[in-house]
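Report on the structure given below.
All of the numbers you see were taken from the coordinates with simple rules; none came from a lab. Note that the structure is a prediction, hence the values are computed from the model and not measured. Methodologically, a virtual Cβ is constructed for each residue, glycine included, from the backbone with ideal geometry; neighbour enumeration extends over all protein chains shown.
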């Protein structure tokens, strides 16, 4: 029994939930730094809905991608699914039922956010509904966006776009004054997109064999690495412009703090690490660290500005 419970927990990949807390918190912090009063109930309700959608996505992805995960002979800690279904530690039916229960719970929570989330509850409910629909369509038929070369963009829209928007609108009551938010999430959007490319390198052979045509499968490793490097140049090159638009200088500085890791990632991809199995773990780790670390430093900057 204990082993089954632990397997069920691993199936939900709880280590990835931290991103939802950071990005939802970032949206709220941007709003409060802009003068909105902190609304605790709305924050808690929004976070509950975000976490529920995240968990639903994890269980659903493992269920719908079980064939690709089983065909993946080179998984890492960051890719290849949880390995719970791929290794038959639990039946796929368990993931299917968990995903459906979480889907229903997410719908209920969205309704609660709309009703009890204050002046911005309606806006938050719209963003959450969009996140829920895209998260389900990411791996579920008939759309299976990750197999159409749209999964990377979809994930960036949901995780670094809609989640911070939920945090912001619940506090601000709407999208007025959201210019600093758009500037804050712009580099995170790019880094999230890049992270998906990084975790797809070790999955490419298994994905291709099972018809999961991600961008790495479509572009090939070399093409995906070139796209990743171009995105890094655009992300960090845009920071000065973002600081001139509406991003507070402290937040722009915070977003630049992970640049040394990005520079090393740029170098490693340029020398062909994308094609070296022994390098996939570190490539994925740095990609995750870039998104998480930048979200954390930006959050710290806006919390500081909100409490001054």
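Points to keep in mind about this one:
- Structure-derived volume of the Cα convex hull per residue in Å³: which label, when the choices are (1) 122; (2) 167; (3) 215: (1)
- Entry note, the chain: relative contact order of 24 percent, from Cα contacts under 8 Å with a spacing of 6+ residues.
- Cα gyration tensor shape for region 108-244, rounded if a/c is under 1.5, else prolate or oblate: oblate
- For the Cα trace of region 1-152, dividing Rg by the Kirkwood Rh returns an Rg/Rh value of 1.02.
- For 207, 62, order by how many other beta-carbon atoms lie within 10 Å, fewest first: 207, 62
- With each label modelled as a point 7 angstrom along the Cα→C-beta vector, the residue 6-residue 126 pair spans 4.7 nm.
- From the alpha carbon centroid of region 15-74 to that of region 287-308 is 16 Å.
- Rounded Å value of the spacing that divides the Cα centres of region 230-245 and region 98-139: 32 Å
- Spin-label model, residue 96 to residue 18: label points 7 Å out along the Cα-to-beta-carbon direction sit 3.4 nm apart.
- Counting neighbouring Cβ atoms within 10 Å and putting the fewest first, the residues 123, 304, 274 line up as 304, 123, 274.
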